[in-house]
1. Can you tell me the FRET efficiency between T427 and S381 if r is taken as the Cβ-Cβ distance and R0 is 51 Å, rounded to the nearest 0.05?
2. Just need log10 I(q)/I(0) for the range 215-394 at q = 0.12, 0.16, 0.17 Å⁻¹, Debye formula, equal scatterers on the alpha-carbon atoms, no solvent, rounded to two decimals.
3. Report, by chain and number, residues whose modeled amide H sits under 5 Å from the one on Y104, excluding near sequence neighbours (fewer than 5 apart, same chain).
4. Extending each Cα 7 Å along its Cβ direction at Q59 and N1, get the distance between those two points in nm, one decimal.
5. What accessible area, in Å² to the nearest ten, does a 1.4 Å probe give for T343?
6. Could you list the residues of the range 240-283 with an amide nitrogen less than 15 Å from a label point located 7 Å from the Cα of F353 in the Cα-to-C-beta direction?
7. Pick the calculated semi-axes √(5λ) of the Cα gyration tensor in Å for this structure from (i) 36, 30, 20; (ii) 39, 26, 19; (iii) 33, 25, 22?
8. Largest first, how would C161, C222 line up by accessible area (1.4 Å probe)?
Amino acid sequence: NPYAGLVQHLRTSWLSRKTWPMQYRVAQLEALGRFLEEEEEEILEATTLDMGKPHFETQLSEIFVCRSELNHTLNNLSTWMKDKHVEKNWAMQLDSAFIRKDPYGVVLIIGPWNYPINLILVPLIGAIAAGNCVVVKPSEVSKNVERLMAEALPKYLDKDCFAVVTAGVEGTTRLLENKFDYIFYTGSPSVGRVVMRAAAEHLTPVTLELGGKNPCYVSDTCDVQNVARRLAWGRFFNAGQTCLAPDYVLCSLEVREQLLPALREAIHEFYGPEPRESSSFARIIGDRHFQRVRALLSSGRLALGGQTEAGTRYIAPTVLVDVQEDDPVMKEEIFGPILPILTVKSVEEAIAFINARERPLAIYVFSSHKQVVNQVLERTSSGGFCANDTLMHFTLTSLPFGGIGQSGLGRYHGRFTFDTFSHPRATLLR
């Protein structure tokens, strides 16, 4: 196996306990901070080359989120690492019982192409904080960021304990044949199953951060202009290539007729009269993805947008109406700048529609009535839930981020990332 030597080298380093002291962990985390600071221009350039990502979007979703996670971890690491003493029964009153946070060992982090810095570095921060050695596998689809990670990241981190592997499908398959102590994967459910099967060979625990069709219910009582702006921002950010984006809207026919002109106005405000010429609108990552997303435009009826340009992989911010639940756009995660609107007669019908499908990564609801929000919250299940906005719950390090069922397994962010990469070792000293 071409990666056996690398994995064994990292395991030898981990067994030497080099990564265990807090001072070492802090030093490596601070080195990651220097990477984000010193390579910022290269990160901006690489993401623009890969998918035309606007600099503001990169700074917000890649660099700012990572810095926030890093600062939060550095500020709290000493507390997280402490033994947690637990209650004892009458027979153990003279003894010491506590939970020790041990690192797992050698862990593998496989990242996606849509947020290629954020979705590698945020789990990496937690893995380092927990005292692990790490193999990082960036996505080969975002090739310029992959090259940057492979060339620049090893300059900042200890090469005896951290490595970057560049590989396509075949190479990743061979990499997964090795025994890791934990695997953290972000991507599609189909590849998630492949990762989980490979992990099962070694009984390796996994976190799978997947995706799904995130519903957004808009009630009859809301500020339609506000809804339109927040909906457009969440759907068209990164040209819709966000696992957490609202995937479709459920609302009444009356709300739909109010929402359409408000969405037209929001799109114009964000991207101007011609989004193709806007420096604030990204492009589809590759030709295969462009063809897949463009084919979904045949669903329902075009209400807004719909323009495409194959040469630059441009698909305009698009809204579809008269969409049926068996249309192609409703059968897969869109992962592009298309927003279908389906009509329902009531919140009860919306809840029934949501519950008839796989549990999503997020559910969104817009309403000025708390009882409507609570009704959707209490009668549905999802990885996360956000009322009267989109995406923003992702930015809180105090909230766990992760899916459930088809949308994923496990959680991270802030303390939850540290806990994900730590083994809670039950300890009794008699």
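1. E between T427 and S381, to the nearest 0.05, is 0.90.
2. Values, matching the q order: -0.50, -0.92, -1.04.
3. Those qualifying (amide H under 5 Å, at least 5 residues apart or on another chain) are H423.
4. About 4.3 nm separates the two model spin labels.
5. For T343, solvent-accessible area is about 70 Å².
6. 246-260
7. (ii)
8. C222, C161
The values are calculated or read from the model by the stated rules, or taken from the named source; none is laboratory data. Every value quoted in this text rests on a predicted model; they were computed, and no experiment measured them. Methodologically, a virtual Cβ is constructed for each residue, glycine included, from the backbone with ideal geometry; neighbour enumeration extends over all protein chains shown. To get the accessible areas, we keep the full protein, side chains included, count just its heavy atoms, and leave off ligands, DNA and RNA. Shrake-Rupley method; radii C 1.70, N 1.55, O 1.52, S 1.80 Å.
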